[in-house]
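No lab work stands behind these numbers, since they all come straight from the coordinates. Bear in mind the structure is a predicted one, so any value in this text is a computation, not a measurement. Heads up, the Cβs are rebuilt from the backbone with ideal geometry, glycines too, and the neighbour counts pull from every protein chain shown.
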């Protein structure tokens, strides 16, 4: 199609201009929407270029006239001012024509809006819950559930004192466990949040939907083909808003089935779909819940959980960032009765950034609480067992 | 327009009661020119305050990684930058122009309520202090974005209460100012100054004042609900108690969208004064300009949902707000066409006010186009809350509202001060501003299209190049503004006397009937407008 060629030419011209501006060989001077990877994203892409062409043409017509006037109708070239100051015909024309152009634009846009809103008959439904600052994906039919966190190490991010290490190629857009979906299938997302408003935004799939605490909103996508699509939280959600990436991996349906099987094998509690409801109340723990752990085992496991879930606010040093994010080192709660700390971690604290961490498994919570009670200056010498966490969930 | 000569009015300088001098003069003044001056200097100070925050933001975003500020402080910077620029710089600057110009342009002696006028200004100052001081309280300044969305805002400390109080005070000040302006325009016009003879700046401010009265109480209601949610156990925006965070967004944007027109309508008035003056040709389509302004104001009440396409409104909601938003392009287009038709076959010269006005038309139109792109719901969804939106509203608010403020300042400085500003320096200010502005903000369209969210202190590597350019442009733009400050001060101190009407084509009352500088009390006897 001719339009596509013009588009390519436009893009190449922009690229050439960018290169001429002294861009290095691998510099990213993107000027367009990312390549669409779902039918809706394709419609968005086309709509964007349609409206852009309308704008570009009008821009050159209108400002062509203005700059012609600026060149010709200036006092320095001897122009004498005319005296007209209205013309009803012209004024009606330039009111009606833009109106008609807009009606022409609204028609295809309306079709896309209706398509976007039609989340009926999905092949698969995933519940997405946003947290400060991670995503939880709950595969309602397949009984798989996990958290997805930023995988970029803090040492690449923080450069206050010295230059950070070499950054990963997908710096800030990489996660520990991506959302996996079957390509070519209609995936319905039920999006909500556990604390503040977040935005689940993956541009190549044409999705940007707020997760709103207390409400569940739905949207859908169908990845055209296997691939990996990256996105980020789109709505400011506190200090780690910039560190809440999304990765969606679309696999061929057979590979997806294999992935689901593998996930279930690692997550016995969620094996049977009938147990999903139970699993929601008591998140997966791969280990035997009655096993007794040693203090060192718990501390070692807890350190990882702390780095992933707690360190952003309470800091790796346990010093926090008072007053918004209090220190754990020397804290009255952490050095006080363990039941109180457990209750706080499970329930969160209303009116503060401290969210409920009930989504973590019993062993993860046991580990992280033991870790905080026996790190830095805190020396309670107490270990919290997963069974105690389980009991406290009641 | 009337028979009275400029010299005639100089003798009206009123000596019936003594003018207080020094601090007392400014603290107790009820003179519209003094109060206008206070507003303008205040706005300029806040403009530089917000500008420093913007430059801190751009310094942090110069390259990926965290180099200067931590994420929490970064969020405070974006939030307070927005609040300070909207409520501290742009709005007070327009009120300053309104104070100076409206009485002179309609042939009135002063504003209708001079004492309330004084109070309107002196309320703004403590509000600004509250906003800026909130950086220094435990927990740091508001860090939720200027939209103050709950529940995020509920999590923060005392700075939120300071911000809410500041918004209340500013709202009260705006409402009083608006009542004053409406009353002045409707009641104090000189004989013969019918509504459809009023300069467009007066018209646009009349409509703006109605918008303010309509929406400031709505914002006050929204932040009051935030306050009671925070401290008195209510659950307006908390689902656990039967409330809804989305409701805040609806209420906020019912205020927020008219708010953008509050900042841009007076700009239309200024440009509609300057283009004819420098084209030496009457404004094309005066009546349609008035009707277009009114249409934009009315439409502004039914488009708020376009800020919320990603909330998950029903299809019918999305479609309604898309259509309504697209409609705004029609009256806005009429205005642009009218300005160009005014220039057509004129006899143009390009002094600084004209340059800023032409810059306004070009760049504001780019902001209008990106607004049209954003109005298309599906396209909005892919760029909502990205840098595309940041680029869009800076094209509208910086190259729109701010550029026309500069245009107005250069245009009326001779009338305000009685001195001529330095033309070459003004032109240099214009060109550096235009170039710096475009380097700063045009690449942000590309960043948004590529999916870079706004309000993030750090970003993925593919966004590095355009961000670097954007930061370079921002610094050029930021430092160029010092030229303006210098030019204004130099103008006031210079000995270059300005003529009563230094512009060949300017024909409103302040130019035709008053000397430069305009006397402390003008039009004690109303001129007769034919």
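Between the helical axis of A:338-347 and the longest alpha-carbon principal axis of chain A there is an angle of about 30 degrees.
With contributions of -39500 (n - 2.57) from each DSSP H run of at least four residues, the per-residue ellipticity at 222 nm computed over chain A stands at -13000 deg cm²/dmol. Each of the peptides A:323-331, A:44-52 was scored by the mean count of other Cβ atoms within 10 Å over its residues; in descending order, highest first, they stand as A:44-52, A:323-331.
Note on A:85, B:445: ascending count of other Cβ atoms within 10 Å places them as A:85, B:445, the fewest first.
For every helix of n ≥ 4 consecutive DSSP H residues, a contribution of -39,500 (n - 2.57) applies; sum these over chain B, divide by its total residues, and give [θ] at 222 nm rounded to the nearest 500 deg cm²/dmol.
Values: 19 runs with 351 residues, N = 530.
Value at 222 nm, helices only, nearest 500: -22500 deg cm²/dmol.
Label-to-label distance, residue B:349 versus residue A:53, with points set 7 angstrom from Cα along the beta-carbon direction: 4.6 nm.
Counting partner chain Cβ atoms within 10 Å of every residue's Cβ in B:319-327, what's the average?
Working: counts 6, 0, 0, 5, 5, 0, 1, 9, 4.
If you average over the peptide's residues, the count of other-chain Cβ atoms is 3.
Calculated translational diffusion coefficient of region A:41-149 (10 °C, 1.306 mPa s; Stokes-Einstein with Kirkwood radius over alpha-carbon pairs) equals 80 µm²/s. The C-alpha atoms of chain B define a longest principal axis, and helix B:352-375 lies at about 30 degrees to it. Listing A:215, B:48, B:254 from fewest to most neighbouring C-beta atoms within 10 Å gives B:48, A:215, B:254.
The alpha carbon centroids of region A:161-186 and region B:30-89 are separated by 34 Å. Over region B:27-512, Cα pairs under 8 Å with separation of 6+ residues give a relative contact order of 17 percent. Counts of other chain beta carbons within 10 angstrom of each beta carbon in peptide A:238-245 average 6. Summarising the overall dimensions of chain A from its C-alpha atoms, the Rg and Dmax are 27.7, 96 angstrom. The average projected area of chain B, computed from the convex hull of its Cα atoms over all directions, is 24.0 nm². Distance from the Cα centroid of region B:280-302 to that of region B:380-457 is 23 Å (rounded to whole angstrom).
Note on A:373, B:493: ascending count of other Cβ atoms within 10 Å places them as B:493, A:373, the fewest first. Note on chain A: with a GNM built from Cα contacts shorter than 10 Å, the maximum mean-square fluctuation among A:54, A:216, A:368 falls on A:54. Highest average first, the peptides A:176-185, A:119-128, B:165-174 ordered by how many other beta carbon atoms sit within 10 Å of their residues are B:165-174, A:176-185, A:119-128. Peptide A:165-171 has a mean shielding of 3, counted as Cβ atoms of other protein chains within 10 Å of each residue's Cβ.
Counting only alpha carbon atoms, the long axis of helix A:39-72 and the longest principal axis of chain A meet at about 40°. Once C-alpha pairs closer than 8 Å and six or more residues apart are averaged by separation and normalised to the residue number of chain A, the relative contact order reads 12 percent.
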